[in-house]
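This report concerns only the one structure given below.
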């Protein structure tokens, strides 16, 4: 599964960062490294971009960039009350 396929309120552990050159380096520099836990907080009304939480901060990514991030250890519906409060349209209430 890739990061762009997550549903709001779910998360996982980054297993691989795909891509090449400057784009891959930029993703790694933003903290999207293997072994990092990510959580999908919000999606924009039209579905793009998405806002994720990782390493104690929020990061907004385009879905095209999120497609390059492979995930493992997917968890659905965790930390909703403390992270997004169920405020985005696709979150379970």
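The values are calculated or read from the model by the stated rules, or taken from the named source; none is laboratory data. Keep in mind that this is a model prediction, so the values were computed, not measured. Don't worry about glycine lacking a Cβ; one is built from the backbone with ideal geometry, like all the others, and counts go over all protein chains shown.
Here is how the numbers come out for the structure above:
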quantity	calculated
One residue from 23, 3, 68, 61 being over 9 Å from the mean Cα position of the chain (by Cα), in contact (Cβ under 8 Å) with a residue 12 or more places away in the chain and buried (at least 18 other Cβ atoms within 10 Å of the Cβ)	68
Per-region count, region 29-50, residues free of Cβ contacts under 8 Å to residues at least 24 places away in the same chain, over 15 Å from residue 64 (Cα atoms) and touching a strand residue (DSSP E or B) at 6+ places or on another chain (Cβ under 6 Å)	2
Which listed residue is within 13 Å of the chain's Cα centre (by Cα) and modelled with pLDDT under 95, from 49, 45	49
